[in-house]
Ligand code: ADP
Ligand code: MG
């Protein structure tokens, strides 16, 4: 059995302090294998986004351990942490919106800019990602002029441009109509199936969750179902 791409061991995470302290994660443990597609489901406020942020190394746990490819991530800081995040992960998060006044291409190549990739190479890879998402003709448009579905496709192009191993998506179809949501969903699953990119998606959408290999159900900061992969355990 190969090393899981992510291992989560007894992770706790609280917000605030004193009287207003709130424990959003109360000890969660599970493994994710490379190439899996995982849905994280649960009611609003159950801790899904907190778990995503911790998995994506955007926020550290208070206690417990997150290992990426078998290596503990606790000691990762600053430039090294940024580099690992930037080269290994792609993000489809509502809060990482596009910058409206910049062109679609500028938005998409941002992770490459951060990584110090040259202008010419940025353009080549950015256009390739936009072509995959059928948005090449919008490259020079301002991001604010895109439709909702086009914006979400541009966000996926940006998540792809670094050739990530894992894509994290938090409610990727939440603000889209059914038809556009289905298009975005198909794109995410084709990246998972055809390119072997591990897909971790928070969703309220039952159909989207059902398409994933595995569903992790979280309630009040605890996993109540799906912590072990049934096939892997068999
Ligand atoms: P979900 O994504 O499942 O809706 P979250 O992970 O966003 O849930 O939040 C889990 C709990 O932690 C909620 O009760 C929420 O109010 C609380 N919470 C989240 N972020 C913060 C924060 N920055 N400060 C205080 N409480 C927070
Ligand atoms: Mg959330």
FRET efficiency, residue 29 to residue 142 (Cβ-Cβ, R0 30 Å, nearest 0.05): 0.10
What residue among 37, 14, 49 has the largest mean-square fluctuation in a Gaussian network model of the chain, using Cα springs under 10 Å? 14
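Taking 2.2 N^0.38 Å as the expected size of a compact globular protein, what ratio does the Cα radius of gyration of the chain give against it, to two decimals? Spell out each step's value before the answer.
Numbers: Rg = 17.7 Å, N = 234, 2.2 N^0.38 = 17.5 Å.
Its radius of gyration relative to the 2.2 N^0.38 Å reference: 1.01.
Given a Förster radius of 30 Å and the C-beta distance between residue 114 and residue 175 as r, what FRET efficiency does 1/(1 + (r/R0)^6) yield to the nearest 0.05?
Numbers: r = 26 Å, r/R0 = 0.85.
For R0 = 30 Å, the calculated efficiency reads 0.70.
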Quick check on the chain: helices-only [θ] at 222 nm, where DSSP H runs of length 4 and up contribute -39,500 (n - 2.57) each and the sum goes over total residues. Nearest 500, please. -10500 deg cm²/dmol
Fluctuation leader among 160, 208, 76 - the chain, Gaussian network, Cα springs under 10 angstrom: 76
For region 11-59, Rg(Cα) over 2.2 N^0.38 Å is 1.27
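Looking at the chain, what % of its DSSP beta bridges pair antiparallel, to the nearest 5? Can you show the working numbers first?
Values: 19 of 36 bridges.
Antiparallel bridges: around 55 percent, rounded to the nearest 5.
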Say R0 is 45 Å: what FRET efficiency, to the nearest 0.05, do residue 182 and residue 20 get from their beta-carbon distance? 0.65
How far apart, in nanometres, would the label points at residue 134 and residue 10 be if each is projected 7 angstrom from Cα along the Cα-to-Cβ direction? 4.9
Candidates 205, 177, 31; GNM for the chain (alpha-carbon contacts under 10 Å) flags as most fluctuating 177
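All of the numbers you see were taken from the coordinates with simple rules; none came from a lab. Bear in mind the structure is a predicted one, so any value in this text is a computation, not a measurement. No Cβ is skipped: glycine too gets one built from the backbone with ideal geometry, and neighbour counts run over all protein chains shown.
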